[in-house]
Amino acid sequence: MAGTKGKQSVRDMLLSLGLIGLMAGVIYIFIPHDDSAPPLKRVDYRVELLTARRAASYPVAAPVGLPAAWKATSVRYDGTQFDAWHLGFQDPEGQYVAVEQSTQPAAVFIDSASQGAKETKATQRIGAATWQRYEGDKYDALVLKAKGATTVVTGTGSFGQLTKMAEALKTS
């Protein structure tokens, strides 16, 4: 008798687990759920920009006059590591565009900021400066090497969007 009772207990347990799984599946199908990513929160970067401009050893760049559809989503300044300035945006097309500046040696900084993008032969005149184009698997970039710091406008946005950001950059 003991063997039969053990087999019934295992069978009952498996039936219970199956029923629980079936109920969980029904609940999942019929209860509404949203799998989309939550919207990115807009950040106000004015205080960090003022701090960076006071502390950095180079003219810190930030966009002026971009349409409201460009949403600032991240900002950071690290004065202990090569006066590193970062300002990230979501462009009107939902792509990522960032402004990165640093006094770190250019080759290392560009590779890191652009996620490994490689220099192309193409250059682009923006304002009075000539920017170098970089293309990569993850990010493309526009790079401006200046005395004292390197500026990288990079991200998943198109070169058109990267150019709009670079055109909007002001240092004061």
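Annotations for the structure displayed:
- Largest GNM mean-square fluctuation among Ala24, Ala62, Ala113, using the chain with Cα springs under 10 Å: Ala24.
- GNM result for the chain, Cα springs below 10 Å: residue of Gly116, Gly127, Gly88 fluctuating most strongly: Gly127
- Three-way shape call for the stretch 86-172 based on the alpha-carbon gyration tensor, with the a/c threshold at 1.5: rounded
- In a fully extended conformation the segment linking Ser158 and Asp137 would gain 6.3 nm over its present Cα-Cα distance, using 0.36 nm per residue.
- Helix 46-55 and the longest principal axis of the C-alpha atoms of the chain enclose an angle of approximately 50°.
- Here r is the Cβ-Cβ distance between Ser172 and Ile27 and R0 is 41 Å; the resulting FRET efficiency, rounded to 0.05, is 0.10.
- Of Lys71/Lys138; Lys138/Lys170; Lys118/Lys147; Lys121/Lys170, those spanning more than 24 Å from alpha-carbon to alpha-carbon: Lys138/Lys170; Lys121/Lys170
- Computed helical MRE - 222 nm, the chain, DSSP H runs ≥ 4 contributing -39500 (n - 2.57), nearest 500: -10500 deg cm²/dmol
- Rg over Rh for the chain works out to 1.35, both radii taken from alpha-carbon positions and Rh defined as the Kirkwood radius.
- Compared with the dominant principal axis of the Cα atoms in the chain, helix 159-168 is inclined by about 50°.
- Residue with peak Gaussian network fluctuation, the chain [Cα springs, cutoff 10 Å], from Leu19, Leu49, Leu144: Leu19
- Figure note: Val10, Val97, Val47 ranked by solvent-accessible area, largest first, 1.4 Å probe, ligands and nucleic acids not counted: Val47, Val10, Val97.
- Other residues within the sphere of radius under 12 Å centred on the Cβ of Leu49, judged by their own Cβ, net out at +3 (K and R +1, D and E -1).
- Pairs of Cα atoms nearer than 8 Å and 6+ residues apart set the relative contact order; for the chain it is 18 percent.
- Three-way shape label, the stretch 20-86, alpha-carbon gyration tensor, a/c 1.5: prolate
- Length-normalised contact order of the stretch 75-172 in % [C-alpha pairs under 8 Å, at least 6 apart]: 24
The values are calculated or read from the model by the stated rules, or taken from the named source; none is laboratory data. Source: prediction; values computed, not measured. Reconstructed Cβ throughout: ideal geometry from the backbone, glycine too, with neighbour counts over all protein chains shown. Just so you know, the surface numbers come from the protein's heavy atoms only, side chains and all, with ligands and any DNA or RNA stripped out. Shrake-Rupley method; radii C 1.70, N 1.55, O 1.52, S 1.80 Å.
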